[in-house]
1. What is the number of the single condition among (1) on the phi > 0 side of the Ramachandran plot; (2) at pLDDT 95 or above that residue B:22 does not meet?
2. Identify, by number, the condition in (1) part of a loop (DSSP other than H, G, I, E, B); (2) under 14 Å from the mean Cα position of the chain (by Cα); (3) not charged (D, E, K, R) that residue A:35 doesn't meet.
3. Which number in (1) of a type outside the set (Ser, Thr, Tyr); (2) touching a residue at least 24 places away in the same chain (Cβ under 8 Å); (3) within 24 Å of residue B:87 (Cβ to Cβ) marks the one condition that residue A:31 misses?
4. Suppose the filter is surrounded by fewer than 15 Cβ atoms within 10 Å (Cβ to Cβ) and of a type in the set (Val, Ile, Thr); does residue A:24 pass it?
5. Based on what the data block shows, is residue A:106 on the phi > 0 side of the Ramachandran plot and within 8 Å of chain B (Cβ to nearest Cβ)?
6. Determine whether residue B:73 is modelled with pLDDT of 95 or more and part of a loop (DSSP other than H, G, I, E, B).
7. Which members of region A:46-66 meet the condition of being within 17 Å of residue A:81 (Cβ to Cβ), away from chain B (no Cβ under 13 Å) and free of Cβ contacts under 8 Å to residues at least 24 places away in the same chain?
8. Among the residues of region B:62-112, what is the count of those that are at negative phi and more than 14 Å from chain A (Cβ to nearest Cβ)?
Amino acid sequence: SQTIHQWPATLVQPVGSPLSLECTVEGTSNPNLYWYRQAAGRGLQLLFYSIGIGQISSEVPQNLSASRPQDRQFILSSKKLLLSDSGFYLCAWSQQEGQPQHFGDGTRLSIL
Amino acid sequence: KQEVTQIPAALSVPEGENLVLNCSFTDSAIYNLQWFRQDPGKGLTSLLLIQSSQREQTSGRLNASLDKSSGRSTLYIAASQPGDSATYLCAVRYGATNKLIFGTGTLLAVQP
């Protein structure tokens with residue numbers, strides 16, 4: 001069966017520090033991968049998605065970037081965090097476009 | 001603009017009651033609609049996915065319906081249990097794309 005892992009589960013970082021969140025999927029090959037952010041009182045917002053290694057699409061302009069160095073690895077990064085980057089970050093995968101998306105347990109990011 | 005709205009924002013019911021959660025979307029030309037459950041501080045668990053050609057889907061005590069013409073979906077939970085307490089999110093997909101548009105959710109509390 002397929003599983004998705006995200007880490008860390010929680011992270012507290014100072015403003016201006018770098019960020020790296022990692023997501024890996026097991027039990028499938030060539031998945032579509034996604035990064036979402038859930039801010040307090042708001043719905044989930046799609047940040048990035050990837051249909052293959054090195055292929056990244058950005059949905060909203062922001063202070064973050066994403067990379068896919070391996071087939072089942074998806075990384076969310078920032079060079080300098082802003083207060084507005086605080087939130088709950090969720091990674092997801094699907095087998096194909098239009099197929100159900102399956103989510104990881106999320107990373108709670110707090111910026112001080 | 002494509003928007004998804006969920007009403008009510010919060011709902012509290014006694015154990016054993018049947019209940020209905022509502023989801024409405026502004027653009028009726030959807031590809032499919034997915035209902036999720038989110039426990040506090042956790043990721044999303046997919047409950048049901050309804051394709052645009054379908055009118056309902058059932059899984060155990062859950063039944064999701066879709067009325068494209070009116071831009072609405074409902075999630076019916078039969079014989080509610082305290083373990084059903086969570087936030088329920090609906091998400092709409094337009095076209096065979098990777099982008100899900102999420103509602104802000106309904107926080108359900110089932111009182112024992």
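The values are calculated or read from the model by the stated rules, or taken from the named source; none is laboratory data. Since we're looking at a predicted model, the values are computed, not measured. Reconstructed Cβ throughout: ideal geometry from the backbone, glycine too, with neighbour counts over all protein chains shown.
1. The failed condition is (1).
2. All conditions are met except number (1).
3. Residue A:31 satisfies all of (1) of a type outside the set (Ser, Thr, Tyr); (2) touching a residue at least 24 places away in the same chain (Cβ under 8 Å); (3) within 24 Å of residue B:87 (Cβ to Cβ) except (3).
4. Details: surrounded by fewer than 15 Cβ atoms within 10 Å (Cβ to Cβ): no; of a type in the set (Val, Ile, Thr): yes.
No: the conditions fail for residue A:24.
5. Details: on the phi > 0 side of the Ramachandran plot: yes; within 8 Å of chain B (Cβ to nearest Cβ): yes.
The answer is yes for residue A:106.
6. It is false that residue B:73 is modelled with pLDDT of 95 or more and part of a loop (DSSP other than H, G, I, E, B).
7. Those that are within 17 Å of residue A:81 (Cβ to Cβ), away from chain B (no Cβ under 13 Å) and free of Cβ contacts under 8 Å to residues at least 24 places away in the same chain: A:61, A:62, A:63, A:65.
8. Residues that pass the stated criteria total 26.
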